[in-house]
1. Would you mind counting up the charge near Leu134? Only other residues with Cβ under 15 Å from its Cβ, with Lys and Arg at +1 and Asp and Glu at -1.
2. Place the peptides 40-53, 123-136 in order of packing, highest mean first, counting for every residue the other Cβ atoms within 10 Å and averaging per peptide.
3. Between Ala85 and Ala124, what is the FRET efficiency for a Förster distance of 22 Å, r being their Cβ-Cβ separation, to the nearest 0.05?
4. Sort out for me the Cα centre separation of segment 83-131 from segment 11-69, rounded to whole Å.
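Derivation of every value follows stated rules applied to the coordinates shown; laboratory data play no part. These figures come from a predicted structure and were not determined experimentally. Using ideal geometry, Cβ is built from the backbone for each residue, glycine included, and neighbour counts are taken over all protein chains shown.
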Amino acid sequence: MVCVEDACDSNPTAMVEAVFRRIHHERMAGLPICNSALSVAALGFQRWQGDWVGALVAPWTINLLMLPGGGAFRALSVGQTQDWAFPSGDYTFMGSREPGLGAYQFCSLFSPVNHFADQAEAEAVADAALVGLLTAPPEATPPPVDRRAFLRTALGRRASA
């Protein structure tokens, strides 16, 4: 698995997990923001319009992540944003960069994550968010037309005109 500035050539799950485990052990260990019931897990990474989208559960956050795959992904400075259009709507992702991972973008879902009881619950929420992101809302189905009511309304308007 190799990520260069403009693209990851294969599924980045293992690399994301390795980088965020390192962050957990080196920078986040012992901080009160961390939920000791949670560990690092990268979930559901898949191609989206040429780039990679997936979810991250970590003891301090649950995020959606975008990584370069050769699509519209742009390496952003920390704090810069890029809007992404998904089937469920438009979402703003913030730029970041980590050694061993390179440029990535994230959309924070939960931070802190102290209210999650366990890893299974956090992963279920992250999976549901990813599915929701990639699923278009159902189209509103108009109620069936009551022909008699329609005709009464139409005839009533005509009679009053």
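1. In short, -2.
2. Going by the mean number of other Cβ atoms within 10 Å, highest first, we get 40-53, 123-136.
3. After rounding, the FRET efficiency stands at 0.25.
4. Using only Cα atoms, the two centres lie 8 Å from each other.
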